[in-house]
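No value in this document is a laboratory result; all are computed from the given coordinates. Since this is a predicted model, take the numbers as computed values, not measurements. Cβ atoms come from the backbone with ideal geometry, glycine included; neighbour counts cover every protein chain shown.
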Ligand SMILES: [Zn+2]
Ligand SMILES: [Zn+2]
Ligand SMILES: [Zn+2]
């Protein structure tokens with residue numbers, strides 16, 4: 001707008017050089033009125049015109065087209081119009097700029113608010129992240145601790161069982177040693193006893209041979225036992241104990257049967273009171 005106004009001011013005087021043809025009938029030109037700007041009367045055939053805005057007379061030199069170029073006005077009114085228009089444009093521009101500034105300010109404020117809001121959000125999120133991280137770390141460490149404690153418990157149990165096994169094996173080893181020692185002692189005793197028994201056996205064998213020689217002329221006790229009842233057998237064993245043990249002949253007789261019969265005969269010859277006192281029984285077996 002400013003540029004347009006400038007060009008208008010520069011070009012108008014040339015266009016208006018020739019005539020004042022822009023007058024209409026309501027403003028008839030005058031030959032007598034002076035120009036109120038230059039105070040000159042129109043010369044030759046020229047006339048002055050009446051300005052529609054200020055109702056004052058003006059000459060050709062001080063004539064200008066109005067805004068829509070339909071009629072002429074005085075230079076002062078033209079300048080005033082341009083000034084007014086420029087002022088109006090400037091105020092409009094200033095208002096626009098003010099609006100722009102206000103908008104930008106409000107935008108800036110809004111952006112600041114947004115930035116602050118986002119900052120607080122970021123801080124909250126960071127706090128949350130930190131909390132989550134710390135919680136995660138805490139959980140991970142807790143799990144590790146639990147696993148390690150479980151492992152430790154299992155290991156302790158294993159160690160305890162191993163210690164028990166070791167103790168039991170030690171004690172069993174001791175027991176085994178003691179058993180082994182006692183068994184070895186027993187074996188020694190058994191060996192000693194075996195040797196003793198061998199010697200005894202040898203002695204008995206020699207004794208047996210000797211006795212066999214002596215027993216050739218005596219009645220075997222086994223045959224005598226078959227011929228008497230158990231009570232008489234006991235009697236014979238008591239009466240001839242030494243002879244039976246050593247297989248010797250009874251004095252004055254050739255065999256065991258003869259000595260037994262002799263004893264029976266002497267028993268029968270006894271009086272009844274003597275019989276009762278000797279042994280209170282009398283059987284009907286073939287010998288007694
Ligand atoms: Zn003039
Ligand atoms: Zn005027
Ligand atoms: Zn009998």
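Here are some conditions: (1) buried (at least 17 other Cβ atoms within 10 Å of the Cβ); (2) within 13 Å of ligand 1 (Cβ to nearest atom). Residue 43 meets all but one. Which one does it not meet? So residue 43 meets the others, but not (1).
Close contacts from the stretch 115-142, counting a first residue that is at positive phi and a second that is assigned to a helix (DSSP H, G or I), with Cβ to Cβ under 9 Å and a gap of 6+ residues or different chains, come to none at all. Of all residues in the stretch 46-61, count the ones that are closer than 26 Å to residue 85 by Cα, near ligand 1 (Cβ under 10 Å from one of its atoms) and in contact with a strand residue (DSSP E or B) (Cβ under 6 Å, 6 or more places away or on another chain). Qualifying residue count for the region: 3. Inspection of the stretch 176-197 identifies no residue that is surrounded by 12 or more Cβ atoms within 10 Å (Cβ to Cβ), in contact (Cβ under 8 Å) with a residue 24 or more places away in the chain and part of a helix (DSSP H, G or I). Checking each residue in the stretch 42-65 for being touching a helix residue (DSSP H, G or I) at 6+ places or on another chain (Cβ under 9 Å) and either more than 10 Å from ligand 2 (Cβ to nearest atom) or in a strand (DSSP E or B) (or both) picks out 58, 61, 63, 64, 65.
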